[in-house]
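K.L.:
Below you will find the structure I want to go over with you.
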Amino acid sequence: MTIDPRTPVLIGTASVVQRESQPGAGKEAAELMVDAVRTAAEDSGAPDLLRRADALMVPRGMWGYPDPARFVADAVGAGKARSVVAEIGILQTSLFGRAGRAIAAGEADVIVVTGGEAKYRNQLAERAGIELSEAAQAEVAPDEVMSPSADILHPLELTRGLGRPVSQYAILDSALRAAEGQSVDAHRDDVAGLWSAMSRMAERNPYAWKRQGVAADQIRGGEGNHMMSFPYTKLHNSEWNVDQAAALVLCSYATAEAAGVPRDKWIFLRAVTESNHMLPLAERATPHRAPASRIGGARVLELAGLSQEEIRYRELYSCFPVAVRIQARELGIPLDPPPTVTGGMAFGGGPLNNFVLQATARMAEVLRADPGSHGFVTAVSGILTKVGASIWSTEPGDFGFGDVSEVVATATPRIEVVEGETGSARITGYTVIHGRGGPEQAVALCDFENGRRTIAYSRDRSLMDAMMRREHCGERVSVMADGVFAT
């Protein structure tokens, strides 16, 4: 086939894992990003292409650098690159879409995407009483900042105890459990089994943060693995206390060919889709569904000219088990084998706002080792609020991009959320939030007969215990003016 010279190609990748156990030692996040970019450039076989980089993009992390993209660009000799920082709330796949479109349109030839964290290093230093400082930057600002258009959380979610992602995702999982008619115990077994299988995939990933498989009974709630927000224990959570960085070097087909990049390095960016429709969890009429995953997944396959059956490798965003479970159901794909090449965010490592870069770098390695194969990578922002997808392949094809936000908005039913309403209501989803001493508060989405919803809570220990033993989704409760509910 004739290949358009503007076709975007991924030519260099790198994953960096720092395992420095000495408090105060090791590199900070920006330095890890620099290492990742340099390694990715060497991986391409054409490191001089960095000097021609038109843009260097970085998703915002837990660090405080005002313009990390400029810091990295200057360090690696890409001084003419435009610095772009994507704030938290921007899908990581949006960076791929931006790069792919710029290259395909002839607006750029070489684009670098990188990100990293050194939270484990910082955690060790804090525990040892050592104060660390970040590399100083002069008063600079990125050439471009990508920012989300709205807030992710509903105000009532914050006032009623749903400020943490673990609790919101736990509510999603309870709604999915109830919709599928699972018992509480059977559901806990299934979720633990999935995460155990993910951990075994991490054993195969040389860049995974944790490379030792974990048994399902330990994940379910074994010794040293405390409950956080029922049914989620600590091991169900994304592990963000990591020192990891990744980098991707993309360019046009013509540039890769002219630079002599070996053909076995080439991975074609076939398609990217994104949904930026933002509807808080509390306002979703059917919280166990994610139309964005279904619609975006179908569209990205259409743009790439592929079917789901032709996809051999997948990485579904895995901040919590229900994210994987809902995406898989919407996409119509099995969970056995688990849809990951990294081991997921609990075991492969989940640096804040950067995991998709780690996953894509690993996906590229897997695809290179299996010529003719295709990889499917998803991204999530918020509480399955915004969803992105990308398809990568060793086989060439035209690049396609699709923003499905408007279609998703039409397909996502909304329910009005109110405060202060009282009376009988039915539980749609719930969790029991734990502290170190045990259960502290149950929080539930409660739907009134008039079609409105509120978020209610209870600190009744006997009720919390009952909610962890048997299903309470679908049960009627009485909601008081102050937001307390009782059976």
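K.L.:
If you take the residues in segment 74-118 that are assigned to a loop (DSSP other than H, G, I, E, B) and under 20 Å from the mean Cα position of the chain (by Cα), which one is nearest to P5 (Cα to Cα)?
P.N.:
My answer is L91.
Yes or no, residue by residue, for (1) under 24 Å from I152 (Cα atoms); (2) at pLDDT 95 or above; (3) buried (at least 24 other Cβ atoms within 10 Å of the Cβ):
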| site | (1), (2), (3) |
| --- | --- |
| D35 | no, yes, no |
| T39 | no, yes, no |
| S44 | no, yes, yes |
| L49 | no, yes, no |
| A53 | no, yes, yes |
| A73 | no, yes, yes |
| V76 | no, yes, yes |
| K80 | no, yes, no |
| Q92 | yes, yes, yes |
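K.L.:
Follow-up. Identify, from the list E449, E440, the residue that is within 13 Å of G161 (Cα to Cα), out of contact with any helix residue (DSSP H, G or I) (no Cβ under 7 Å at 6 or more places or on another chain) and of a type in the set (D, E, K, R).
P.N.:
Checking each option against the conditions leaves just E440.
K.L.:
A further question on this structure: Can you spot a residue in segment 290-297 that is more than 29 Å from H154 (Cβ to Cβ) and either surrounded by fewer than 24 Cβ atoms within 10 Å (Cβ to Cβ) or in contact with a His (Cβ under 8 Å, 6 or more places away or on another chain) (or both)? Walk me through it before giving the result.
P.N.:
Residues of segment 290-297 more than 29 Å from H154 (Cβ to Cβ): none.
No, segment 290-297 has no match at all.
K.L.:
Further, regarding this structure: Could you say which residue among A86, A41 is farther than 21 Å from A254 by Cβ and in the same structural domain as C251 (by TED's automatic domain parsing)?
P.N.:
A86
Listed here are the residues, each with its yes/no results for (1) farther than 29 Å from E283 by Cα; (2) buried (at least 24 other Cβ atoms within 10 Å of the Cβ).
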residue	(1), (2)
G344	no, yes
N354	no, yes
A359	yes, yes
E365	yes, no
G372	yes, no
P396	yes, no
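K.L.:
Let me confirm something: among E134, E107, E144, which residue is at pLDDT below 95 and of a type in the set (D, E, K, R)?
P.N.:
The match here is E134.
K.L.:
Criterion first (surrounded by fewer than 17 Cβ atoms within 10 Å (Cβ to Cβ), outside the structural domain of F399 (by TED's automatic domain parsing) and in a helix (DSSP H, G or I)) does A186 satisfy it?
P.N.:
Yes: the conditions hold for A186.
K.L.:
Here's a follow-up. Limited to segment 242-273, what total is found for residues that are crowded, with 19+ Cβ neighbours inside 10 Å and assigned to a loop (DSSP other than H, G, I, E, B)?
P.N.:
Looking only at that region, the number is 3.
K.L.:
Also, quick follow-up: Can you list the strands (runs of 3 or more DSSP E) lying wholly within segment 355-463 that have 1 or more residues being without any contact (Cβ under 8 Å) to a residue 40 or more places away in the chain?
P.N.:
Correct list: 423-435, 438-448, 452-458.
The values are calculated or read from the model by the stated rules, or taken from the named source; none is laboratory data. This one's a predicted model, so the numbers in the text were calculated from it and none came from an experiment. Note: ideal-geometry Cβ built from the backbone for every residue, glycine included; neighbour counts use all protein chains shown.
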